[in-house]
Amino acid sequence: MEREHLSKTDSYLSDFLDYLKNEKLYTNDTLKNYQIDLRQLSEFLHSKNQDLYTADRLHIESFFMKLNSLGLSPSSLARKASTLRSYFLFLLKTSVISISPMIDIKTPKLSKKLPNILSISDVDTLCNIDASSSVSKRDRAIIEVMYSSALRLSELSSLNIDSVDIESKCVKVIGKGRKERILPLGAKASEALSDWTSARCDLRPVDNALFINKFGTRLSNRSIQNRINFWVKKQGLNCKISPHTLRHSCATHLLEASGDLRAVQEFLGHEDISTTQIYTNMDFEHLNRVYKNSHPRA
């Protein structure tokens with residue numbers, strides 16, 4: 001009986017992951033997170049002689065109480081809750097279960113944190129790299145392109161040689177849900193890319209990845225993050241940069257200069273404009289200046 005339960009669990013889990021991959025078009029990293037969350041719940045339920053398709057609300061509440069006792073952050077709890085809601089909704093739609101055990105499950109509300117951003121002068125400092133070697137030319141191009149086109153880290157690392165058109169100053173990006181968007185490249189980014197593509201052969205590329213490591217293969221997300229951190233220290237910037245800092249900075253500077261929230265939404269590849277609206281809270285002083293200078297009754 002136990003073996004049969006495990007077999008059903010694996011089957012339902014496999015079907016769910018296939019659904020996320022083929023229909024929802026989730027990335028491998030996202031699929032991995034879903035798998036981790038569901039395996040964690042499965043192990044907990046197994047200790048209670050239950051399974052992923054026999055759990056009720058009390059089991060789920062007990063699971064989250066255990067996670068709370070382990071000191072998980074609100075963001076981690078929210079992510080796991082989101083995973084479980086999606087999974088049980090899938091079981092509901094495929095008639096495996098008749099009611100979701102996630103109904104009325106409460107998780108901590110997340111406060112919307114404003115992302116860290118760099119000032120324009122800090123961006124200038126970071127980009128002012130002495131690009132005398134192939135690696136430094138690559139790193140300067142990475143930083144320039146991330147800031148120029150507000151790319152996600154995964155979007156940047158997945159770029160290929162044919163993703164960029166330096167002459168036309170544009171880059172083709174595959175974003176979340178494998179949605180394609182074509183974005184402009186600034187003059188500085190185009191110049192840095194031109195320098196890098198000329199030097200790229202020095203690292204003996206073995207595939208068509210745009211940004212490669214010393215072995216000639218695609219540069220990983222972690223390596224890109226490490227290289228950015230290296231240059232933050234090297235250039236004497238007293239700040240901490242996350243993978244999205246350059247993206248956030250570009251979005252904020254664009255919105256400050258244009259005031260066009262819809263255009264910034266499209267630029268960033270956000271499906272919901274409420275995601276983009278976080279940038280409207282970034283600089284009240286700028287907003288206040290614009291208001292005083294332009295509102296007829298200010």
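The values are calculated or read from the model by the stated rules, or taken from the named source; none is laboratory data. Since this is a predicted model, take the numbers as computed values, not measurements. Cβ placement follows ideal geometry from the backbone for every residue including glycine, while neighbour counts extend to all protein chains displayed.
Every test in (1) within 22 Å of Tyr26 (Cα to Cα); (2) in contact (Cβ under 8 Å) with a residue 40 or more places away in the chain is passed by Lys172 save one, and that test is (2).
Within segment 122-144, not a single residue is modelled with pLDDT under 90 and within 18 Å of the chain's Cα centre (by Cα).
Ser132 fulfils the conditions (1) in the same structural domain as Ile182 (by TED's automatic domain parsing); (2) of a type in the set (S, T, N, Q); (3) in a helix (DSSP H, G or I) except for a single criterion, (3). The condition of being crowded, with 17+ Cβ neighbours inside 10 Å, modelled with pLDDT of 75 or more and within 15 Å of the chain's Cα centre (by Cα) holds for only one of Leu254, Leu246, that being Leu246.
Restricting to segment 141-163, count the residues that are outside any helix (DSSP H, G or I) and surrounded by 18 or more Cβ atoms within 10 Å (Cβ to Cβ). Number of matching residues: 5. Summed over segment 164-203, the residues that are outside any strand (DSSP E or B), within 23 Å of Ile120 (Cβ to Cβ) and among the aliphatic types (A, V, I, L, M) give a count of 5. Taken over segment 175-195, residues that are within 26 Å of the chain's Cα centre (by Cα), surrounded by 13 or more Cβ atoms within 10 Å (Cβ to Cβ) and touching a residue at least 60 places away in the same chain (Cβ under 8 Å) amount to 6. Restricting the first residue to segment 127-139 and requiring it to be closer than 17 Å to Ser157 by Cα, which pairs with a second residue that is surrounded by 18 or more Cβ atoms within 10 Å (Cβ to Cβ) and of a type in the set (Val, Ile, Thr) meet a Cβ separation below 6 Å and a spacing of at least six or different chains? Pairs found: Ser136/Ile129.
Does at least one position in segment 27-43 carry a residue that is in contact with a Pro (Cβ under 9 Å, 6 or more places away or on another chain) and either surrounded by 18 or more Cβ atoms within 10 Å (Cβ to Cβ) or over 23 Å from Lys176 (Cβ atoms) (or both)? The answer is no; no qualifying residue exists. Taking residues in segment 209-225 that are in contact (Cβ under 8 Å) with a residue 60 or more places away in the chain, and partners anywhere that are loosely packed, with under 15 Cβ neighbours inside 10 Å, the pairs with Cβ atoms closer than 7 Å and at least 6 places apart or on different chains are Arg218/Asp207.
Residue-wise test of (1) assigned to a loop (DSSP other than H, G, I, E, B); (2) exposed (fewer than 14 other Cβ atoms within 10 Å of the Cβ); (3) at pLDDT below 90.
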{"residue": "Ala78", "(1), (2), (3)": "no, no, yes"}
{"residue": "Phe90", "(1), (2), (3)": "no, no, no"}
{"residue": "Ser98", "(1), (2), (3)": "yes, yes, no"}
{"residue": "Thr107", "(1), (2), (3)": "yes, no, yes"}
{"residue": "Lys112", "(1), (2), (3)": "yes, yes, yes"}
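If you filter segment 208-243 down to residues that are assigned to a loop (DSSP other than H, G, I, E, B), polar (S, T, N, Q) and at pLDDT 90 or above, you find that the one that is farthest from Asn116 (Cα to Cα) is Asn208.
Consider only pairs whose beta carbons are under 9 Å apart and that are at least six residues apart or on different chains; among these, list those whose first residue lies in segment 56-70 and is exposed (fewer than 14 other Cβ atoms within 10 Å of the Cβ) and whose second residue is polar (S, T, N, Q) and in a loop (DSSP other than H, G, I, E, B). Between residues of segment 56-70 that are exposed (fewer than 14 other Cβ atoms within 10 Å of the Cβ) and residues that are polar (S, T, N, Q) and in a loop (DSSP other than H, G, I, E, B), the close pairs are Asp56/Gln50. Would you check if Ser42 is of a type in the set (Ser, Thr, Tyr), closer than 18 Å to Met102 by Cα and within 27 Å of the chain's Cα centre (by Cα)? Yes: the conditions hold for Ser42.
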